[in-house]
1. Calculate the spin-label point distance for Asn259 paired with Lys203, positioning each point 7 Å from the Cα along the beta-carbon direction, and give it in nanometres.
2. Which whole-number percentage describes the relative contact order of region 120-161, with Cα contacts under 8 Å and a sequence gap of 6 or more?
3. With a cut-off of 8 Å between alpha carbons and a minimum separation of six or more residues, what is the relative contact order of the chain in percent?
4. Please report, in Å, the Rg and the Dmax of region 3-253, where both are computed over Cα atoms only.
5. Could you give the Stokes-Einstein D for region 44-131 in µm² per second, using the C-alpha Kirkwood radius, 10 °C, 1.306 mPa s?
6. Which peptide among 219-230, 96-107, 204-215 comes first, and what is the full order, when sorted by highest mean count of other Cβ atoms within 10 Å?
7. Take the alpha carbon gyration tensor of region 1-103, find the square roots of its eigenvalues, order them as a ≥ b ≥ c, and report rounded if a/c is under 1.5; if not, report prolate when a/b exceeds b/c, else oblate.
8. By how many nm would the segment from Glu192 to Ser238 grow when fully extended, if each residue of separation counts as 0.36 nm and the alpha-carbon distance is taken off?
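Every number here is computed from the coordinates shown, using simple stated rules; none is lab data. From a predicted model like this one, the values you see are computed outputs, not experimental measurements. Note that we place each Cβ from the backbone using ideal geometry, even for glycine, and neighbour counts take in every protein chain shown.
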Amino acid sequence: MAIELYNDGKHVCLMFNDLVDDVGGSAVQANQFLIVSDGEGALIDPAGNMTYNALVMAMSKYFPFKNLKYIFGSHQDPDIVASLNKWLSATECTLYVSALWERFVPHFCTMNRTEGRIIGIPDAGQAIPMRDTIIVAVPAHFLHAEGNFQFYDTKAKILFSGDMGASLVHHDEILKPITTKAEFLAHLPRMEGFHKRYMVSNKVCRYWANMVRTMKVDKLVPQHGRYFQGEAIGLFLSWIEGLHCGVDLFTQDHYKVPN
Ligand SMILES: [Fe+2]
Ligand SMILES: [Fe+2]
């Protein structure tokens, strides 16, 4: 069942949280997002081939999938856009992804399918108009991919944060947001290990947190696990800007030839 993140009757943001790990548990849980803005549809991070059929079925209750206009890809990982070939075959959609990956993601695709349909977002980001909103691709480079964007819906005030804020939980735990300090503290062990290994450094976490503080964010919604709203958003920003991660934690010991 879809989780409704925003709905004013004209503009709707939906989250699908249970399409992946029902497959058998070997793949990480992932959230996919559908924005329907005054009859125009976009997917954010639609995931891979094992999710494609389930997502087509699930989204069709809300939007005729063949009319899909955009796919927004936060980065190039398989749990983000490995299904790209199927989407490009079944619809007329355009993919927005970092310019760094513009000529790499066609390797997911059949020859000639991608011609003129992949738009590389420049490092500084860009605004992409939809009918009743503007989607802003905001820079989140090295969090975790080298060219990495998050997508901010200016109408719904939702920041779709990709792998930033991700947690490893069962999909049943995702139905409600994390809002209070007590919930946030209880949730920390579910995301600490992920961020320490997948985020590249404390420096870029701090730059990102500074940027997000300049934005009006009602919901911070990652691509894995639970999402944040209210007090928990500020708590997450404070936590991540103090976190040492990625290359901060690596030493020569991590670069030794195995026995
Ligand atoms: Fe990723
Ligand atoms: Fe991911």
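1. Each label point is offset 7 Å from its Cα along the Cβ direction, giving 3.6 nm.
2. 29
3. 15
4. 17.1, 56
5. Approximately 120 µm²/s, per Stokes-Einstein.
6. Values: 219-230: 23.2, 96-107: 18.6, 204-215: 16.7.
Highest-to-lowest ranking by the protection proxy: 219-230, 96-107, 204-215.
7. Oblate is the answer for region 1-103, as a/c is 1.5 or above yet b/c matches or exceeds a/b.
8. 15.2 nm
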